[in-house]
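First the structure, in the form of structure tokens, and then the observations on it.
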Amino acid sequence: MLNCVHNLALDVFTHSLCAFRLTLVSDTAVDAAMMLRDVMLPLPMRPEWGPEMEWPYPGLPSALVAEFAGHPVAGLPFFSPETVTTDHGSVYRNHHLVEVERRLGCNILPARALRPPDKHAVERAFGAIRTLLFEHLPGYTGVDAADRGAAPEDEEVLTLEEMEHLVATWIVGIWQRRHLGEYAPAWDVGGSHSPNTLFAASFEQTGLGLRLPQPDLYYELLPSHPISVLRERGVKIKGLWYYGDALEPYLNERSTRGGRFKGRWCVHREPRDRRTVFFQDPLTHDWHELRWTGLPPVGTVPAFGDRRVSELLAAAREADMRPRTDAELLPLLLEILAARAPVSSWKTATTRSERINHARDETQARAAAEDRAAAPAPVSPVTPMLQRVEQAVSGLDAERRHRREEAVLRRPTKPARLGASYRTGNLFLLPEDDTDHPQPGPPDEGA
């Protein structure tokens with residue numbers, strides 16, 4: 001089983017697992033922000049799910065919800081969160097996540113220190129998932145050494161996308177229809193209730209407001225960077241320069257924005273994929289991509305995040321580079337992505353941490369692309385590590401070839417093959433008389 005970190009969004013009243021996120025190594029504030037956005041989005045049906053997994057709540061036909069959402073909806077509640085309770089982890093205390101919660105209209109209620117009852121429902125949900133699901137999976141390592149088997153690392157058979165699909169199926173098919181037991185509501189202690197029945201009971205009390213977030217909400221939840229003036233070179237975000245055609249009408253001008261960022265332009269950055277940033281036109285309110293100026297005009301570059309950018313800038317400082325343009329940083333970035341190891345020795349020349357970093361870059365870029373879509377796209381497999389390195393090496397070769405061609409003003413002609421003159425003419429043909437020499441004239445009469 002693949003080692004991963006998971007975030008969970010739990011509705012305290014119905015004990016519904018509204019959303020979850022699986023990430024490699026560690027989660028970030030952007031992952032938590034997008035999980036709050038997932039709470040507001042209906043979960044689409046997947047091809048492997050049957051009719052029993054569809055929207056089951058009475059009084060609100062699934063056809064109406066499917067028409068409102070634009071796709072068949074699975075039996076998982078979705079709503080706008082009102083109050084968010086988290087622990088004191090660095091991810092949840094991040095200024096960006098706090099701004100996201102305010103943007104969504106949520107009341108922030110941090111859990112008190114040394115007060116387990118403040119978030120006991122979430123901790124108990126994690127324990128239930130571990131005992132009801134994870135312990136029955138191959139390769140389970142347990143919470144301590146006593147729970148480990150003889151050789152759990154030899155049973156690694158689940159990838160990240162398979163794990164995500166398994167957890168989603170278990171939540172919709174089992175958890176939402178499971179009897180709560182002692183977690184029954186106070187107004188019906190002896191009754192039999194599940195998260196689905198409690199959510200249906202909430203319809204009778206307050207109703208359900210079908211409010212789906214706009215697709216542009218994804219861009220608004222990204223970290224923003226105020227820019228004073230848009231230069232002709234573009235905008236500089238976290239050490240890299242970006243430019244696009246959408247900036248041309250507003251070059252060398254100040255923004256008419258008011259409020260907190262008065263007189264400044266706001267550019268939003270995707271920490272999981274730094275190849276592009278996003279700029280909103282103040283007149284049309286359309287979002288436009290700004291490409292990194294170091295990207296080649298042709299070909300593709302593997303995805304890279306904030307961690308790779310930090311490594312790139314540190315390597316440039318160590319090499320005492322003073323690049324005039326970001327295009328000079330591209331060969332150094334491709335060398336970092338290729339781990340400076342030949343493809344033939346990739347399996348033996350890299351460490352486990354380097355392989356995890358490559359897998360994390362790819363999964364984060366895939367998650368960013370799925371979050372940008374209006375409807376969640378089906379999970380696609382991760383690009384194989386060998387293919388990712390080959391892509392970086394081929395991009396490095398293409399960039400070097402492009403720079404050599406730009407350095408030569410006039411490309412030399414291709415020389416003829418050896419012995420080509422003997423094959424084009426007849427070897428037995430005598431050459432013509434040389435007529436370049438002057439012919440002798442008549443003798444001078446005065447001589």
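Does ALA125 qualify as being in contact with a Phe, Trp or Tyr (Cβ under 9 Å, 6 or more places away or on another chain) and either within 26 Å of ARG366 (Cα to Cα) or in a helix (DSSP H, G or I) (or both)?
Against the criterion (in contact with a Phe, Trp or Tyr (Cβ under 9 Å, 6 or more places away or on another chain) and either within 26 Å of ARG366 (Cα to Cα) or in a helix (DSSP H, G or I) (or both)), ALA125 qualifies.
Is it the case, given these coordinates, that GLY234 is open to solvent by 20 Å² or more (accessible area, probe 1.4 Å), of a type outside the set (Asp, Glu) and farther than 17 Å from LEU41 by Cα?
No, not satisfied.
Does ALA111 satisfy being in contact with a strand residue (DSSP E or B) (Cβ under 9 Å, 6 or more places away or on another chain), surrounded by 15 or more Cβ atoms within 10 Å (Cβ to Cβ) and not β-branched (Val, Ile, Thr)?
Against the criterion (in contact with a strand residue (DSSP E or B) (Cβ under 9 Å, 6 or more places away or on another chain), surrounded by 15 or more Cβ atoms within 10 Å (Cβ to Cβ) and not β-branched (Val, Ile, Thr)), ALA111 does not qualify.
Could you check, for segment 68-87, whether at least one of its residues is out of contact with any His (no Cβ under 7 Å at 6 or more places or on another chain), open to solvent by less than 30 Å² (accessible area, probe 1.4 Å), over 28 Å from TYR183 (Cα atoms) and not in a helix (DSSP H, G or I)?
no
Answer yes or no as to whether GLU155 is in contact with a Pro (Cβ under 6 Å, 6 or more places away or on another chain) and either within 27 Å of TRP49 (Cβ to Cβ) or touching a residue at least 40 places away in the same chain (Cβ under 8 Å) (or both).
Taking the combined requirement at face value, the residue satisfies it.
Could you check THR141 against (1) β-branched (Val, Ile, Thr); (2) modelled with pLDDT of 90 or more; (3) touching a helix residue (DSSP H, G or I) at 6+ places or on another chain (Cβ under 6 Å) and say which number it fails?
Failing condition for THR141: (2).
Let's see how each residue does on (1) touching a Pro at 6+ places or on another chain (Cβ under 9 Å); (2) in a strand (DSSP E or B); (3) surrounded by fewer than 18 Cβ atoms within 10 Å (Cβ to Cβ):
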position: ASN196; (1), (2), (3): yes, no, no
position: GLN205; (1), (2), (3): no, no, yes
position: GLY209; (1), (2), (3): no, no, yes
position: TYR242; (1), (2), (3): no, yes, no
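Mind checking which pairs have a first residue in segment 241-256 that is within 13 Å of TRP292 (Cα to Cα) and a second that is assigned to a loop (DSSP other than H, G, I, E, B) and open to solvent by 90 Å² or more (accessible area, probe 1.4 Å), Cβ under 9 Å, 6 or more apart or different chains?
From segment 241-256, the pairs are TRP241/ARG233; TYR243/GLU232; TYR243/ARG233.
Return the only residue of LEU104, LEU132 being surrounded by 12 or more Cβ atoms within 10 Å (Cβ to Cβ) and over 30 Å from the mean Cα position of the chain (by Cα).
LEU132
The values are calculated or read from the model by the stated rules, or taken from the named source; none is laboratory data. Treat the numbers as computed from the prediction; the structure is a model and nothing was measured. A quick note on method: Cβ atoms are made from the backbone with ideal geometry, for glycine too, and the neighbour counts reach across all protein chains shown. Protein only, heavy atoms only, side chains kept; ligands, DNA and RNA dropped before computing areas. Shrake-Rupley method; radii C 1.70, N 1.55, O 1.52, S 1.80 Å.
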